[in-house]
Amino acid sequence: MPPAQWGYNLLFEPEPGVLGEVKIKDEELGIVDLKFKSQSEECMTHFGLRGRATTVYPVESERLSTLLQEKPSQNPSNEMVAKLYWPEVSRESEADILERVCQIAEKESQVKGHVPEVVWFHKFEETSTAQIRRTLGIPDSEQGSRVLYIIIFRKLSPITTLSKQEFLTAWWQAVLCRCPSLLRSPLYMDWMSRPSCPMGERRPSSRH
């Protein structure tokens with residue numbers, strides 16, 4: 001049986017002498033190059049047979065760096081991180097949720113600029129676990145099936161890198177971000193309920 005039927009993507013097949021470099025074809029951008037810093041201490045991994053198996057890597061990309069420069073931002077960082085995870089196919093994608101959260105945040109001065117910036121995302125349709133279930137003859141193969149997603153974010157600075165007044169300022173702004181108008185939004189609550197939800201970024205003005 002071909003690897004794709006087991007949800008295995010050959011793009012991530014390790015090559016001798018190449019460490020974490022892949023190229024993904026995108027309908028709008030063409031070829032997107034990604035170099036994962038898999039040896040970085042900033043990597044976050046969660047592997048298992050249950051859940052989304054969310055993994056976060058620092059990442060470099062010539063193509064996306066150009067795109068990053070074209071996007072206005074209050075975050076001065078030019079670094080990026082990649083989030084790879086396996087959500088259920090039936091769920092709305094995190095990138096779509098964040099886009100709508102940004103639209104809501106535009107009307108809230110205390111929240112504007114605090115929502116993580118999505119640089120690029122991609123859904124690997126061929127990795128759906130429904131294919132495995134169909135191959136094994138499992139009924140209702142689409143129900144609860146998962147698919148591999150990758151989202152590239154502009155890198156945020158963890159609040160744990162701060163201390164004293166800077167830490168308190170960042171913490172208080174995170175509290176203010178949970179304003180009533182957004183708390184009433186099911187989109188915001190869905191996003192906030194996700195593990196490792198980022199809420200801050202280092203700025204020249206010390207605002208996070």
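The values are calculated or read from the model by the stated rules, or taken from the named source; none is laboratory data. The structure presented is a predicted model; accordingly, all values stated were derived computationally and were not measured. Every residue, glycine among them, receives a Cβ derived from its backbone with ideal geometry; neighbour counts consider all protein chains shown.
Show the residue pairs that are 6+ apart or on different chains and have beta-carbon atoms under 6 Å apart, the first residue being within region 159-170 and farther than 18 Å from E42 by Cβ, the second being buried (at least 16 other Cβ atoms within 10 Å of the Cβ).
Going by the 6 Å Cβ cut-off, the qualifying pairs are A170/I159; A170/L162; A170/G200; A170/H208.
Has region 141-156 got any residue that is over 17 Å from R91 (Cα atoms), of a type outside the set (S, T, N, Q) and at pLDDT below 80?
no
Name the residue, out of L34, L64, that is in contact with a Phe, Trp or Tyr (Cβ under 6 Å, 6 or more places away or on another chain) and at pLDDT 75 or above.
L64
Quick check on S109: is it touching a residue at least 12 places away in the same chain (Cβ under 8 Å) and among the small types (G, A, S)?
no
Does region 160-174 include one or more residues that are surrounded by 13 or more Cβ atoms within 10 Å (Cβ to Cβ) and under 22 Å from V32 (Cα atoms)?
Scanning region 160-174, I find no residue that is surrounded by 13 or more Cβ atoms within 10 Å (Cβ to Cβ) and under 22 Å from V32 (Cα atoms), so the answer is no.
Determine whether S196 is in contact with a Ser or Thr (Cβ under 8 Å, 6 or more places away or on another chain), closer than 30 Å to L34 by Cβ and either at pLDDT 80 or above or assigned to a loop (DSSP other than H, G, I, E, B) (or both).
Considered against the rule, which asks whether it is in contact with a Ser or Thr (Cβ under 8 Å, 6 or more places away or on another chain), closer than 30 Å to L34 by Cβ and either at pLDDT 80 or above or assigned to a loop (DSSP other than H, G, I, E, B) (or both), S196 comes out as yes.
Counting only residues that are touching a residue at least 40 places away in the same chain (Cβ under 8 Å) and small (G, A, S), which one in region 114-146 is surrounded by the most Cβ atoms within 10 Å (Cβ to Cβ)?
Filtering first and then ranking leaves S128.
Looking at S65, S77, which one is surrounded by fewer than 19 Cβ atoms within 10 Å (Cβ to Cβ), of a type in the set (G, A, S) and touching a residue at least 40 places away in the same chain (Cβ under 8 Å)?
Criteria check complete, one pass: S77.
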